[in-house]
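Nothing in this text is a laboratory measurement; each read-out follows from the coordinates by a stated rule. Note that the structure is predicted; figures quoted are calculated from it, not measured. Please note: Cβ atoms are built from the backbone with ideal geometry, for glycine as well, and neighbour counts cover all protein chains shown.
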Amino acid sequence: MKRGEKVVLAVIAVIVLSLMGRNLWHIESDPEADKDKGIPYYSTASKELERDAMDVYHKQNCKGCHSLWTVRNMLESVPAPILDGMGSLHNEEWFFQYFSAANPQAILPSRLKLEFRMPSYAALQEHDRRLLASYMASLKVQDWYLEETRKAEYEKLTGKDYHP
């Protein structure tokens with residue numbers, strides 16, 4: 001390697017390291033990062049409901065498209081909604097109607113490719129649909145996180161400050 005190439009490489013390394021240090025300092029000095037709000041997602045389900053619903057969840061291979069209580073690998077997963085916090089968006093009756101619909105896209109339209117769209121669970125036993133509906137309705141998100149999410153989405157879409 002020639003002397004000039006070494007100098008260019010050294011300058012690039014200094015720039016990269018300084019940017020990394022600046023980002024690290026920014027994260028550590030950010031007052032919002034100092035607030036320990038905890039994990040925003042939680043469930044109000046009993047252990048029995050969780051166990052029974054998760055049995056149905058696994059039998060129906062919901063994990064093939066959705067993630068729940070985990071970090072999703074974007075390279076291996078379908079762009080279906082993450083289920084954490086869904087109960088803060090819809091109630092149990094809504095979920096039951098959705099799972100019972102012959103065409104779930106009539107209730108909640110999807111822009112996903114046909115092979116990735118939510119299948120109908122109308123043929124599933126009513127008891128199992130009710131278990132899933134009850135469990136999905138129990139998946140909540142803290143109010144502060146929901147509000148921060150709404151704010152970020154509004155500002156991203158409109159370019160304006162969010163005022164509830």
- Note on the structure: Result row for the chain, helices from DSSP H with C-alpha axial extent 15 Å or more and mean Kyte hydropathy at least 0.5, is 3-29
- Message: Cut-off 10 angstrom, C-alpha nodes, Gaussian network model of the chain. Which of S100, S134, S46 fluctuates the most?
- Response: S46
- Query: Calculated FRET efficiency, L108 and N23, Cβ-Cβ r, R0 35 Å, to nearest 0.05?
  - Reply: 0.40
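Assuming 0.36 nm per residue, please report the length gained on full extension of the stretch A10 to L146 beyond their Cα-Cα distance.
Numbers: separation 136, 0.36 × 136 = 48.96 nm, distance 4.48 nm.
Working it through step by step, the gained length comes to 44.5 nm.
Okay, helix-only estimate at 222 nm for the chain: each DSSP H run of n ≥ 4 adds -39500 (n - 2.57), divide by all residues, round to 500 deg cm²/dmol; what do you get? Let's see the in-between values first.
Numbers: 6 runs with 82 residues, N = 164.
Rounded to the nearest 500, the figure is -16000 deg cm²/dmol.
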- Query: Under a GNM of the chain (C-alpha, springs under 10 Å), which listed residue has the highest mean-square fluctuation: I39, I82, I12?
  - Reply: I12
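Could you give the length gained by full extension between E153 and A122, i.e. 0.36 nm per residue of separation minus their alpha carbon distance, to one decimal place?
Stretched out fully, the E153 to A122 stretch lengthens by 7.8 nm.
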- Among P104, P81, P40: highest mean-square fluctuation, GNM of the chain, C-alpha pairs under 10 Å: P81
- Report the chymotrypsin sites (Phe, Trp or Tyr not before Pro) located in segment 57-164 that are in a DSSP loop and have at most 16 other Cβ atoms inside 10 Å of their Cβ, or state none. W69, Y162
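Which pairs break 27 Å Cα to Cα here: K63/K156; K59/K113; K47/K151; K47/K140? Before the final figure, lay out the partial values.
Numbers: K63/K156 29 Å; K59/K113 23 Å; K47/K151 33 Å; K47/K140 16 Å.
K63/K156; K47/K151, as the Cα separations exceed 27 Å there.
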- Query: Of the labelled options (i) 0.93; (ii) 1.15; (iii) 1.01, which one gives Rg/Rh (Cα atoms, Kirkwood Rh) as computed for this structure?
  - Reply: (ii)
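Do any trypsin sites (Lys or Arg not before Pro) in segment 62-164 lie in a DSSP loop with no more than 12 other beta carbon atoms within 10 Å, and if so, which? Don't skip to the answer; put the middle values down first.
Working: sites: K63, R72, R111, K113, R117, R129, R130, K140, R150, K151, K156, K160; in loops: R72, R111, K113, R117, K160.
Sites meeting the loop and neighbour criteria: R111, K113, K160.
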